[in-house]
Amino acid sequence: MFKLVKLQDIIRIPPETFGNSLEAVGHQQVKAKYDGMINEDLGYVIAVTDVKVSQVGKIIPGDGAAYHKVNFSLLTYYPKIQEVIEGEVVEIADFGAFIRVGPVDALLHVSQLMDDFISYDEKQGVLIGKETRRKLTNGDQVRARITAVSLGRAGSSGKIGVTARQPFLGKLEWIEHKVQKIKKAAEKPPKEAKVEKGASNA
């Protein structure tokens, strides 16, 4: 789930930047602190926007910098369990596919792809269903449901697990094919009941 979060903080304006635009320096300082951050409360921080720096700052003895209050917004992505997501397949491996979801890649394990035995074609970089002959490869668009979330810490990007083994999940082409099949079945006129011939009246 993408969110726009409003926050307030205090930033340090280094003495060597005095005389420069306070808004520009403030934006750089907030961006340096928050951009790319992974936080248990915020999730994945994608971008810093709407930075407003207070014109009044404070100086702390022994430090030549000025400290200013700053209000700003963060564009974040926080994956939630049971959330339905759509993303592009960016990597195929023998154990599954990685799907780009916002700023992070989610793992769609082969056991969660479809109700079929799946083989991996390393040369073509394709996962293939034995019975259905359905194929999944790089660039395919997939709809899936989040089943596991572990936010990363200290340089780790974290892990997101997803499944496509539920109704109307999977490669978008497969879903569209299934929807068309259901529509065609619904449009067929109901079969007329057959009247038995030669029935005798008692």
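The values are calculated or read from the model by the stated rules, or taken from the named source; none is laboratory data. Keep in mind that this is a model prediction, so the values were computed, not measured. Cβ coordinates were reconstructed from backbone atoms using ideal geometry, including for glycine residues, and neighbour counts include every protein chain displayed.
Residues of the range 5-20 that are of a type in the set (S, T, N, Q) and in a helix (DSSP H, G or I): T17 alone.
Quick grid of which residues meet (1) among the hydroxyl-bearing types (S, T, Y); (2) within 17 Å of the chain's Cα centre (by Cα):
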site	(1), (2)
K3	no, yes
R12	no, no
V45	no, yes
Y67	yes, no
N71	no, no
P79	no, yes
E91	no, yes
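Restricted to the range 161-188, and to residues there that are at pLDDT below 90 and either among the β-branched types (V, I, T) or assigned to a loop (DSSP other than H, G, I, E, B) (or both), the residue that is surrounded by the fewest Cβ atoms within 10 Å (Cβ to Cβ) is K188. Scanning the range 11-36 for residues that are buried (at least 16 other Cβ atoms within 10 Å of the Cβ) and among the hydroxyl-bearing types (S, T, Y) turns up T17, Y34. As a summary of the residue check, E88 satisfies the conditions (1) touching a helix residue (DSSP H, G or I) at 6+ places or on another chain (Cβ under 8 Å); (2) under 17 Å from E173 (Cα atoms); (3) not hydrophobic (A, V, I, L, M, F, W, C) except for the one numbered (1).
Of the strands (runs of 3 or more DSSP E) lying entirely inside the range 21-125, not one contains at least 3 residues that are in contact (Cβ under 8 Å) with a residue 12 or more places away in the chain, among the charged types (D, E, K, R) and not assigned by TED's automatic domain parsing to the domain that holds R165.
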